[in-house]
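Colleague: Sending over a structure as structure tokens; questions will come in a sec.
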Amino acid sequence: MAIIINGKELAAKVRADVKEEVEELKKRNIHPRLAVIMVGNDSSSAVYVRNKSKACNETGIEFEEFLLEESTTKEQLLNLIEKLNLRKDIHGILLQSPIPKHLDIKEAFDAINYRKDVDGFHPINVGKLAIGEDCFISCTPAGVMKMLAEYQIQTEGKQAVVIGRSNIVGKPLAQCLLNKNATVTICHSKTKDLKEITKRADILVAALGKPKFVTEDMVKEGAVVIDVGINRNEEGKLVGDVDFEEVIKKASYITPVPGGVGPMTIAMLMTNVVKAAKMLEN
Ligand code: NDP
């Protein structure tokens, strides 16, 4: 039976560490502050933003919200980003996705000063990650790496398989694992013989967004299984990409959904804001 990696507990520990750091920074008159921009009325985004605001509150990070109307023009959005880039009291800028279709999210992400890019989406941060330089790492991959480190799960020399190649999860996570000396295979919707590949994994990451996609027969005995997926099943219950009940019997470590990778994502955002504050104020 696998050890369940407790993301909820670990995220609380990360937030407690952040809180301590924020208190130290405040003694030096540095007040870490996150600006969050939301455009339009996406209901899930509103929940995500509320959770980020709560985490800021808990850690002592100042939080400033910019709610823009659905009809916001590209110029208005870019002007706001530029204003926030220039404001010395703001250390992190986050643009909540999705944004309305008439706006170009890539252009908006690119406009954020990469030193304030606490989501790690700016091409400079993505490039720095690729060449192994210190940078802001996208929060979900950063959360997964923190989990592996805290549970002392070795990556060096291990076969790591990541299912999913999105720019926010699959690719940066594969890069992080590579930077930690794993031998990494990235799988996607065009991958052939997926099961043959996943069965070789010492560390298997599911980040594809398909409920219970990873079944027991796809997993090697003793593998570490990380479930990034967040899906709703027919009963409206949150489920991951892994068939948890079956895979737990075969894995050595496994993350649950909910209570696994999810809580780590926001905790790592808090870590990134503190990092930005230190970088910008030094
Ligand atoms: P995307 O939809 O952007 O990417 C999904 C990836 O999975 C794509 O690369 C796709 O391949 C691949 N894929 C889809 N179907 C298959 C298949 N049958 N076999 C192999 N690969 C497949 O999703 P995200 O990366 O944004 O998110 C993935 C999951 O993680 C979602 O459930 C999302 O909700 C969750 N998530 C969780 C977070 C958290 O905090 N825990 C944060 C972010 C996301 P291709 O490129 O070929 O299309």
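Laboratory data are not the source of any read-out in this text; all were calculated from the coordinates shown. Just so we're clear, the structure is a prediction, and the values are computed from it rather than from any experiment. FYI the Cβ positions are ideal-geometry reconstructions off the backbone, even for glycines, and counts take in every protein chain you see.
Colleague: Determine the percent antiparallel among the DSSP beta bridges restricted to the chain, to the nearest 5. Before the final figure, lay out each step's value.
Modeller: Numbers: 2 of 31 bridges.
Given both bridge residues lie in the chain, the antiparallel proportion sits at roughly 5 percent.
Colleague: Angle check, please: helix 139-150 long axis (alpha carbons) against the longest principal axis of the chain (alpha carbons), in degrees 0 to 90, nearest 10.
Modeller: 60 degrees
Colleague: Continuing with this model, one more query. Let me spell out the model: positive unit charges on the Cβ of Lys and Arg, negative unit charges on the Cβ of Asp and Glu, origin at the Cα centre of the chain. What dipole size does that give, in debye rounded to 20?
Modeller: On the way: 39 positive and 39 negative charges, 69 e Å.
For the chain, the charge dipole is close to 340 debye.
Colleague: Given Cβ point charges of +1 (Lys, Arg) and -1 (Asp, Glu) and nothing else, what value in debye, to the nearest 20, does the dipole of the stretch 114-268 about its Cα centre take?
Modeller: Details: 20 positive and 19 negative charges, 78 e Å.
In total the dipole reaches around 380 debye.
Colleague: Kirkwood hydrodynamic radius for the stretch 127-282: how many Å is it when counted over pairs of different Cα atoms?
Modeller: On the way: mean 1/r = 0.0632 Å⁻¹.
Across the stretch 127-282, the inverse of the average 1/r is 15.8 Å.
Colleague: Within the stretch 141-235, report the GluC sites (Glu not before Pro) that DSSP leaves as loop and that have at most 12 other Cβ atoms within 10 Å. Working shown, then result.
Modeller: On the way: sites: GLU150, GLU156, GLU196, GLU216, GLU221, GLU234, GLU235; in loops: GLU156, GLU221, GLU234, GLU235.
Here the GluC sites (Glu not before Pro) that fit, given the DSSP loop and packing criteria, are GLU156, GLU221, GLU234, GLU235.
Colleague: Radius of gyration and Dmax for the stretch 42-149's Cα atoms, expressed in Å?
Modeller: 14.5, 44
Colleague: How much of the DSSP beta bridge set in the stretch 202-256 is antiparallel, as a percent to the nearest 5? Provide the component values of the computation, followed by the final result.
Modeller: Values: 2 of 9 bridges.
Among the beta bridges of the stretch 202-256, antiparallel pairing accounts for roughly 20 percent.
Colleague: On to the next question. On a 0 to 90 degree scale, rounded to 10, what angle separates helix 261-281 from the longest Cα axis of the chain?
Modeller: Here the helix axis deviates by roughly 40 degrees.
Colleague: Next question, about the same structure. Mind listing the long-range amide H neighbours of PHE63? Cut-off is under 5 Å, sequence gap 5 or more, other chains count too, H placed in the peptide plane at 1.01 Å from N.
Modeller: Excluding prolines and chain starts, which carry no amide H, the hits are LEU34.
Colleague: Can you show me the helix-derived [θ] at 222 nm for the chain, built from DSSP H runs with n ≥ 4 at -39,500 (n - 2.57) apiece and divided by the number of residues, rounded to the nearest 500. Show your work: numbers first, answer last.
Modeller: Values: 10 runs with 118 residues, N = 282.
Calculated mean residue ellipticity at 222 nm is -13000 deg cm²/dmol.
Colleague: Note down the Stokes-Einstein diffusion coefficient of the stretch 119-210 in µm²/s, whole number, using a Kirkwood radius over alpha carbon pairs, 25 °C, and 0.890 mPa s.
Modeller: Details: Rh = 13.3 Å.
For these conditions, the coefficient is 184 µm²/s.
Colleague: Now for a separate question. Divide the volume of the convex hull of the Cα atoms of the stretch 57-97 by its number of residues and quote the answer in cubic angstrom per residue.
Modeller: On the way: hull volume 3.4 nm³, N = 41.
Taking the convex hull of the Cα positions in the stretch 57-97, it is 82 Å³ per residue.
Colleague: Can I ask one more? If Rh is defined by the Kirkwood formula over all Cα pairs and Rg also comes from Cα, what ratio Rg/Rh do you get for the chain? Numbers along the way, then the final one.
Modeller: On the way: Rg = 19.0 Å, Rh = 19.5 Å.
My calculation puts Rg/Rh at 0.98.
Colleague: Using 12 Å as the cut-off for backbone N distance, which residues of the stretch 17-41 belong to the label zone defined by a point 7 Å from the Cα of GLU64 along Cα→Cβ?
Modeller: Those under the cut-off are 32-37.
Colleague: Taking the chain as the reference, fit the longest principal axis to its C-alpha atoms, fit the long axis of helix 74-86 to the helix C-alpha atoms, and give the angle between the two in degrees, 0 to 90, nearest 10.
Modeller: The two axes meet at around 80 degrees.
Colleague: Oh, and also: Put a dot 7 Å past each Cα toward the Cβ at GLN152 and ARG232; how far apart are the dots in nm?
Modeller: So the label points at ARG232 and GLN152 sit 4.2 nm apart.
Colleague: Separate question: Do any GluC sites (Glu not before Pro) in the stretch 48-114 lie in a DSSP loop with no more than 16 other beta carbon atoms within 10 Å, and if so, which? The partial results should precede the final answer.
Modeller: Numbers: sites: GLU58, GLU62, GLU64, GLU65, GLU69, GLU70, GLU75, GLU82, GLU107; in loops: GLU69, GLU70.
Listed in order of number, the matching sites are GLU69, GLU70.
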